[in-house]
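Structure, as structure tokens:
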Amino acid sequence: MTHKESEPVLSVRDLRIGIGKQNAILHGVSFDILPGETYGLVGESGSGKSITGLSVMGLLKRPLQVTGGSILFRGQELLTLNSRARRRLRGDRMAMVFQEPMTALNPLATVGRQIAEMFVIHRGLRWSQARTKAVEALENVRVPSPEERARSYPHQLSGGMRQRVMIAMALACRPDLLIADEPTTALDVTVQAGVLELIAELSQAEGTAVLLVSHDLGVIANMCRRVGVMDQGRLVEEQDTRALFERPLHPYTRGLLAARPRLGSRTLAQRGRLTELDEVVSSDERGRDQPTLVTPRVFSGATP
Amino acid sequence: MKAGGTGVPVAPAFNLVFGERQPSRMMRFILRRTLQMIPTLLVVVLIIFVIFSVVPGSFISSLMSEGRNATNADVMAHLNQQFGLDKPLLVRLWDYLWGLAHFDLGISYRTREPVWNVIEPRLWPSIKLALAAMFFAALVGIPLGFVAALKPGSVIDTGTMMVAISGLSLPEFWFGLLLMYVFALQLGWLPSFGYNADSFQHLILPAIALGVSPMALLARTTRAGVLDVMNADFVRTARAKGVSEPRLVRSHVARNVLVLVLTTLGLQVGSLMGQAIVIEKLFSWPGIGSLLVDSVAARDIPVVQGAVIVIVLWFLVINMLVDVAYAAVDPRIKVT
Ligand SMILES: Nc1ncnc2c1ncn2[C@@H]1O[C@H](COP(=O)(O)OP(=O)(O)OP(=O)(O)O)[C@@H](O)[C@H]1O
Ligand SMILES: [Mg+2]
């Protein structure tokens, strides 16, 4: 709360992740995210996008561990913080939305309760008050009849609705940083647009910084002004999104862009579209009737 | 974590247990499951009838083996007639089913009493033993499984699983003898055998002997369940929310594990009454199991049939209760 506006919310420096000291998986990744900025992280499967996000959250699973570098969050070094203090930050100051909306929610608890838990943990509210806040949170993510939905169980909701619940939960405590790890990959194209729009809108309204992980260049183009490209555990390029599409510097990035079908015409189409997309993201008109604005997945099946 | 009870104000207690479910739905479910027990019971009765018409020996021949003089042809004919044994098998089966439909289990060959009067005093001791064994199994097995899973690879984990494996592989007869020897004969803490309706002490050793193998199975199932659930995506979500580990286990993992463990628990409890035969004999426990053994030896077929029906009914009822419990715990399960 004491950080200056111009200072990055998140500053990752030379982050290294490995299995033990020997097997390095992430070989020194550095990037900054400014307050209110949406930073894109692209790269093909296995390039280390998810583990980067998880290490910021402090959620790396056992064989994986951070072996070096620094993660500054609002000027505070996270890697030397004790686990209790880190847990306090999770959910409250930094939140994460995952790819799989089908399994990311507890099947045995109502979604209202799962959102309400955020207020119980971080705001010390009683369950009854927290429930009211949870309904408000659902209302914020445009869930129709939120009162009723709050009483639903995850299996009673569609994928897109569940992802909205996840977003409502993640943003419940108005965090400074939202890490969205492929938030729309598992959703129908038509639903993707709405969910992305929601993330863009809410993060803009609250000034939340977003780390948007995707391997869909179309999504990144829609959402981010700056983008980092990852390849085999390295950040190989970082540029303004538009510049990246126009003048990819790194050979790998060029390959990434070229991996899309019918290179010439598509790239032109992409350029033409990009200019209008900047306005379109925040516009209310964009929605289900214009699903084409989200380009189809580009290189999901590509191998290194 | 209880499901929200914000639904119909008419039945708040019901809602507390069954969440937003319609009470009538649950009642219909129970009713239907009860009716579904009838064909199962019919099959069981049929099997017993066939078996006892095939196995050699009859009640009368068993009297002979007890050294009583029943070889007199007149006496035999009289007995046969009295018990209806002179009738063809199908007629006897029909008579039996007809009686069953009127809640009449027939007359014991041995005591000449209605079978129900023979079985009834044995019911409560049997149920008591099964429930005590289940409580032992659940109260020890489930926490052990949790502890083992939350510290995988630790001394507690390996120790627990070693105990669990030995618990599964030891014959319960042998284990019962061991308990008897140590706690009754050597230490003198508990009575070695017998039954006392008012005494809890008589219950302890047979309950542990009977409960040890379900306990071991529950420990293993729980451990596997916890490891499974801890890897679930929603646990990662809960961690990302900042949920503390104790809270995570308490309010997210435990219920999900319970759903996984419920099946094992139900099957174990359901079969406990049947499994108790050996233990009841060993500890001279006056339950259905020892009655069954004695009645088979005496070819007292009506009592055997009655006892088997009780054991099967227990299994069916417990399984129905498990399904009801499922519906109460897991909102994904539809009760129709
Ligand atoms: N538990 C683990 N044990 C060993 N290696 C792992 C483990 N989890 C991830 N990795 C490795 O870390 C690397 C990066 O994985 P990560 O999940 O971050 O990729 P990603 O860029 O998110 O890919 P995707 O687009 O498929 O989600 C992969 O090469 C993977 O093999
Ligand atoms: Mg990933």
If we ask which residues in the range B:226-237 are facing another protein chain (nearest Cβ under 7 Å) and surrounded by 17 or more Cβ atoms within 10 Å (Cβ to Cβ), their number turns out to be 4
Exception for A:MET94 within (1) modelled with pLDDT of 95 or more; (2) within 20 Å of A:LEU59 (Cβ to Cβ); (3) in contact with a Gly (Cβ under 8 Å, 6 or more places away or on another chain) falls at (3)
Expected single match for in a helix (DSSP H, G or I) and within 18 Å of B:VAL44 (Cα to Cα) among B:VAL304, B:VAL278 is B:VAL304
Expected single match for within 14 Å of chain B (Cβ to nearest Cβ), within 16 Å of ligand 2 (Cβ to nearest atom) and within 20 Å of A:ARG88 (Cα to Cα) among A:LEU59, A:LEU64 is A:LEU59
Note on A:LEU108: of the conditions (1) surrounded by fewer than 19 Cβ atoms within 10 Å (Cβ to Cβ); (2) in a loop (DSSP other than H, G, I, E, B), unmet is (1)
Within the range A:67-91, the residues that are over 23 Å from A:SER214 (Cβ atoms), at the interface with another protein chain (Cβ under 10 Å from one of its Cβ atoms) and among the small types (Gly, Ala, Ser) are A:SER83
Note on the range A:35-83: residues surrounded by fewer than 17 Cβ atoms within 10 Å (Cβ to Cβ) and away from ligand 1 (no atom under 15 Å from the Cβ) are A:GLY36, A:GLY68, A:SER70, A:GLY75, A:GLN76, A:GLU77, A:LEU79, A:THR80, A:LEU81, A:ASN82, A:SER83
Every listed condition ((1) away from ligand 2 (no atom under 16 Å from the Cβ); (2) within 19 Å of the chain's Cα centre (by Cα)) holds for A:ALA104 save (1)
Has the range A:3-16 got at least one residue that is crowded, with 17+ Cβ neighbours inside 10 Å and within 13 Å of ligand 1 (Cβ to nearest atom)?
-> yes
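Would you check if B:GLY242 is surrounded by 20 or more Cβ atoms within 10 Å (Cβ to Cβ), more than 10 Å from chain A (Cβ to nearest Cβ) and not hydroxyl-bearing (Ser, Thr, Tyr)?
no
Taking the options A:GLU279, A:GLU285, A:GLU246, name whichever one is surrounded by fewer than 15 Cβ atoms within 10 Å (Cβ to Cβ), under 30 Å from A:LEU15 (Cα atoms), at pLDDT below 85 and acidic (Asp, Glu).
Matching residue, one of A:GLU279, A:GLU285, A:GLU246: A:GLU246.
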Residue pairs qualifying under the 8 Å Cβ cut-off, at least six apart or on distinct chains, with the first in the range A:40-65 being within 20 Å of A:MET223 (Cα to Cα) and in contact (Cβ under 8 Å) with a residue 12 or more places away in the chain and the second being within 13 Å of ligand 2 (Cβ to nearest atom) and part of a helix (DSSP H, G or I), are A:LEU41/A:LYS49; A:LEU41/A:THR52; A:LEU41/A:GLY53; A:VAL42/A:LYS49; A:GLY43/A:LYS49
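Can you pull out the helices (runs of 4 or more DSSP H) entirely within the range B:159-268 that have at least 3 residues that are at pLDDT 90 or above and closer than 30 Å to A:GLN99 by Cβ?
Correct list: B:201-230, B:233-240, B:245-248.
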All-but-one check, A:MET94 against (1) within 15 Å of ligand 1 (Cβ to nearest atom); (2) within 14 Å of chain B (Cβ to nearest Cβ); (3) touching a Phe, Trp or Tyr at 6+ places or on another chain (Cβ under 9 Å), failing number (1)
Across (1) more than 9 Å from chain B (Cβ to nearest Cβ); (2) away from ligand 1 (no atom under 16 Å from the Cβ), A:HIS122 clears everything bar (1)
*Would you be able to say whether some residue in the range A:204-212 is crowded, with 24+ Cβ neighbours inside 10 Å and modelled with pLDDT under 90?*
no
Contact list, first residue from the range A:97-110 and within 7 Å of another protein chain (Cβ to nearest Cβ), second anywhere and among the acidic types (Asp, Glu) and outside any loop (DSSP other than H, G, I, E, B), beta-carbon distance below 7 Å, six or more apart or interchain, is A:PHE98/A:ASP181; A:PHE98/B:ASP233; A:GLU100/B:ASP233; A:THR103/B:ASP233; A:ALA104/B:ASP233
When restricted to A:GLY40, A:GLY69, A:GLY91, the only residue over 16 Å from B:ALA238 (Cα atoms) and more than 16 Å from ligand 2 (Cβ to nearest atom) is A:GLY69
Going through (1) facing chain B (nearest Cβ under 9 Å); (2) outside any helix (DSSP H, G or I); (3) crowded, with 21+ Cβ neighbours inside 10 Å one by one, A:ARG131 fails only at (2)
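The values are calculated or read from the model by the stated rules, or taken from the named source; none is laboratory data. Since this is a predicted model, take the numbers as computed values, not measurements. Please note: Cβ atoms are built from the backbone with ideal geometry, for glycine as well, and neighbour counts cover all protein chains shown.
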